[in-house]
Amino acid sequence: MNDIGKVKDLDTTNKTGIFFLFNNDITVYVGTYSNIHVRLWQLSNENKMTWDTVRWVEETDYHRAILIEDFYISKLNPKHNKCSTKLAHHEAVNGEGAEYLTKNYPSGWNKN
């Protein structure tokens with residue numbers, strides 16, 4: 001994972017991935033991004049959450065990023081994530097059922 005202090009020096013414009021927001025070493029939010037600069041700016045302007053650390057992992061496959069995000073939301077239960085609705089949206093848009101998505105979870109990860 002990378003620290004936000006380094007994000008200013010990286011070209012993350014067209015990169016996707018998963019990010020984690022921490023406050024006092026507690027995960028308060030997990031999300032996906034296609035441009036981490038824009039996503040963090042959006043969160044800082046639209047939410048009342050506070051965080052002191054941002055870490056992220058690049059993932060070139062956006063569908064896989066959604067699976068990873070869902071996994072961490074279910075495992076960490078961050079304060080500001082209501083629930084992961086992206087999987088349901090993904091199913092509606094792409095016609096892929098939950099069986100497909102569960103089958104394609106990153107190897108070694110158990111959603112339950």
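All of the numbers you see were taken from the coordinates with simple rules; none came from a lab. Computed from a predicted model, the values in this text were never measured in an experiment. Glycine also receives a Cβ, built like all others from the backbone with ideal geometry; neighbour counts cover every protein chain displayed.
Take the Cα gyration tensor of region 12-65, multiply each eigenvalue by 5, square-root it, and list the three semi-axes largest first, rounded to whole angstrom.
Each semi-axis is √(5λ); the values are 19, 13, 8 Å.
What is the set of long-range amide H partners of Asn23 at a cut-off below 5 Å, with H atoms built 1.01 Å from backbone N?
Under 5 Å from the amide H of Asn23: Val28, Asp52.
Listing Phe71, Phe19 from the residue with the fewest other Cβ atoms within 10 Å to the one with the most, what is the order?
Ranked by crowding around the Cβ, least crowded first: Phe71, Phe19.
For a quick check: sort Leu21, Leu67 by the number of other beta carbons within 10 angstrom, fewest at the front.
Starting with the residue having the fewest Cβ neighbours, the order is Leu67, Leu21.
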